[in-house]
1. Using a simple charge model, +1 on the beta-carbon of Lys and Arg, -1 on the beta-carbon of Asp and Glu, nothing else, what dipole does the chain show about its Cα centre, in debye to the nearest 20?
2. Around residue 22, with a cut-off of 12 angstrom between Cβ atoms, what is the net charge of the other residues, counting Lys and Arg +1 and Asp and Glu -1?
3. Note the angle between two axes, namely the Cα long axis of helix 377-389 and the longest principal axis of the Cα atoms of the chain, as a number of degrees from 0 to 90, rounded to the nearest 10.
4. Would you be so kind as to identify which of 109, 188, 337 lies farthest towards the positive end of the dipole of the chain, taking Lys and Arg as +1 and Asp and Glu as -1 on Cβ and the Cα centre as origin?
5. Can you list the trypsin sites (Lys or Arg not before Pro) in the range 1-100 that are in a DSSP coil and have 13 or fewer other beta carbons within 10 angstrom?
6. Add +1 for every Lys or Arg and -1 for every Asp or Glu among the other residues with Cβ under 12 Å from the Cβ of residue 216, and state the total.
7. What residue among 42, 138, 311 has its Cα farthest toward the positive end of the dipole of the chain, where the charges are +1 on Lys, Arg and -1 on Asp, Glu, each on the Cβ?
8. Averaged per residue, what accessible surface does the range 102-193 expose to a 1.4 Å probe, in Å²?
Amino acid sequence: MSELQAALAEAHRRYADANPTSRARHEAACAALPGGNTRTVLYYDPFPLAITRGEGCHIWDADGHRYLDLLGEYTAGLFGHSDPVIRAAVRRALDGGITLSGHGMLEGHFAAAVSARFPTMELLRFTNSGTEANLMALATATMATGRRKVLVFDGGYHGSLLAFAHGGSPVNVPHEFVVGTYNDMAGTLELLRTHSDDLAAVLVEPVLGSGGCIPGEPEFLSLLRAETEACGALLIFDEVMTSRLAPGGRQTLLGITPDLMTLGKYVGGGMSFGAFGGRRDLMARFDPRRSDAVAHSGTFNNNVLTMAAGLAAMTEVYTPEIAAALTARGDRLRTSLLEVVERAGAPLQVTGAGSLLAFHFLDAPPRNAADVARGDALLKELFFFDLLDRGFHLARRGMVALSLPVQDADCAAFVDAVAAFLAERESLLSCAKPA
Ligand code: PMP
């Protein structure tokens, strides 16, 4: 057993000893849920924490430990756990009764607010998840173009049926996917030219989110815009995560307008949410007044809790000014972390954009999924358990998504904790460095 493996085994032991209630919950849940789990990303060995409550930017586990929540529900928890404006909106909605069997008074207002904020969405429709939003965007593209192929990128994640870590997944929907390499201009151009006649769409995240918070390089994303336009395919930006980065989404920072875009996560104020939308001519096919209308259904598409929470969240809480401030706080945090890493001379990269960050135990910044896969997995796991032990909760895969209640002092405490990790584990980190 290497020194690193021994340190990890010790971290697991410490974790298991400190969390007997989480372990018991996990074991009981295995009776009816495969692996005690109904959402794969939340699982990690030896068993995942059970989280029992949250307030502001803190969460508590079933054994009573408090953590600074730096994961922010993989970006859906942007508002923290108890935003008073959103709570009031949800309470009002509950007081009016739920599942009302009809149009409500809020969905038009909410859609108008989303469209005003993300002008690419001339028209939009709500769904229940980002997965569904992307499924509908792709269906819109294949319908509009009469073509079947879809270009996606290795490491991309567009939902549980549209997952391209390691190239794809056996549960993916059966579109004719062509899988390119993120940020690879030459290879992508070749794929685009090869498939130009039957390409329906390019579906891309402006920052590879789940795949490691890797910003799409502006020239790469511009190439996708130019080439899709040239060959008659649609460009779909999945801004489920990246829409938080600027008032109009990352696309406005890049000056690129896609044909369609998708949203999810935080835009529903913390309730189940998704939306797809874009060019009026494309979305108008869903207008039920038209003789050639195509149906798009979903019992909970206009559920009153999401409509109320989302409207309050996007108009009263996550205003354009607040969005810009959160991005600036994230950029400051990344800069501070990079300074600490540089001082320690550690083989650690901190990637991302604005309030989205990820840690990679690598010698150089990753540009695509294959680079990410070369990172040291054991060090990343040790980092997760050590930070947990110090009271910081981030994704097991090393991702951070800041929420609004996180303050500069919280960020500073996190930077100190990362510095302490680098100091304490110095010998393991230097072993991991290539000669
Ligand atoms: N697209 C992106 C970029 C995502 O990060 C996610 C969720 N991680 C989705 C789509 C799917 O959203 P949901 O989990 O709401 O289905």
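1. 840 debye
2. With Lys, Arg at +1 and Asp, Glu at -1, the neighbours total -2.
3. 80 degrees
4. Sorting the options by dipole projection puts first 109.
5. Answer by residue number: 39.
6. For residues surrounding residue 216, the net value is -3.
7. Of the options given, the answer is 311.
8. Counting only protein heavy atoms, the per-residue value for the range 102-193 is 44 Å².
The values are calculated or read from the model by the stated rules, or taken from the named source; none is laboratory data. Keep in mind that what you see is a predicted model, and the values were worked out from it rather than measured. Ideal geometry is used to build each Cβ from the backbone, glycine not excepted, and the neighbour counts take in all protein chains shown. These area figures cover heavy atoms from the full protein model, side chains too; ligands, DNA and RNA do not enter into them. Shrake-Rupley method; radii C 1.70, N 1.55, O 1.52, S 1.80 Å.
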